[in-house]
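What follows is a single structure, written as structure tokens, with notes after it.
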Amino acid sequence: MTSQVSPLVASASQSRRALVAGSVGNFIEWYEFGVYGYLATIIAGNFFTLEGQTGMTGLLLTYASFALAFFCRPVGAIIFGRIGDRIGRKPTLIAVVLLMTLATAIIGLLPTYAQIGVAAPLLLTLMRMFQGLFAGGEFGGAVSLMTEFAPKGKRGIYGAWQSFTVSLGLLTGV
């Protein structure tokens with residue numbers, strides 16, 4: 001038995017709102033990734049320059065934490081993609097953007113290595129992992145939402161807009 005799914009017919013207003021919502025969330029998440037990369041030397045000095053280690057070791061550990069967030073993205077896509085399919089893409093997108101922002105705010109409030117020792121880089125790395133999970137959950141859901149609400153004949157441009165906001169967010173973050 002085959003079932004046909006009729007395409008969603010969205011109004012122009014709904015299409016624009018879906019495009020803006022997906023773009024804003026994606027921009028915010030990639031802006032936060034860009035800021036981390038731009039501030040890597042400062043982060044290394046405050047969190048990853050461990051006793052008896054060189055500054056280069058701290059910088060390498062900072063970038064390892066940066067990379068770890070990228071490895072967590074596919075896991076986030078699986079987890080939040082499934083949640084989005086069950087409860088809806090819009091509430092899932094709102095949740096992942098808020099959670100990403102919360103993880104970023106926590107990073108901004110973390111005490112440094114000099115204040116709490118080895119717990120500082122561990123907490124920072126944990127927050128980076130969460131950022132990766134949330135970014136992975138946001139991207140696929142946003143592309144799906146944006147293309148589902150795209151006007152007829154414009155699904156490609158609406159889906160491509162998501163990649164554009166990745167670049168825009170990263171460039172703005174630096």
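The values are calculated or read from the model by the stated rules, or taken from the named source; none is laboratory data. Here the structure is a predicted model, which means the values were calculated and not measured. Reconstructed Cβ throughout: ideal geometry from the backbone, glycine too, with neighbour counts over all protein chains shown. Just the protein is used for accessible areas: all its heavy atoms, side chains included, with ligands, DNA and RNA removed. Shrake-Rupley method; radii C 1.70, N 1.55, O 1.52, S 1.80 Å.
Of the residues Ile79, Ile28, Ile157, ranked by 1.4 Å probe accessible area with the largest first, the sequence reads Ile157, Ile79, Ile28.
Would you work out what percent of the accessible area of the chain, with all protein chains in place, is carbon or sulfur (probe 1.4 Å)? Numbers along the way, then the final one.
Values: 6910 of 9830 Å².
Result for the chain: 70 percent of the exposed heavy-atom area is carbon or sulfur.
Below 8 Å between Cα atoms, with a sequence gap of 6+, how large is the relative contact order for the chain in percent?
Over the chain, the number comes to 41 percent.
Here the range 91-126 and the range 12-42 have alpha carbon centers that stand 18 Å from each other. Using only C-alpha atoms and all pairs of different ones, pull out the Kirkwood radius for the range 102-174 in Å with one decimal. Answer for the range 102-174: a Kirkwood hydrodynamic radius of 14.6 Å. Considering only the other residues whose Cβ falls under 12 Å of the Cβ of Leu133, what net charge follows from Lys and Arg at +1 and Asp and Glu at -1? That works out to 0.
Note that the chain presents 56 Å² accessible area per residue, ligands and nucleic acids not counted, probe 1.4 Å. Once the dipole of the chain is set up with Lys and Arg at +1 and Asp and Glu at -1 on Cβ about the Cα centre, which of Ala10, Ala21, Phe71 lies farthest towards its positive end? Looking along the dipole axis, the top candidate is Ala10.
Using the Cα coordinates of the chain, the gyration tensor eigenvalues translate into equivalent-ellipsoid semi-axes of 37, 15, 12 Å, sorted from longest to shortest.
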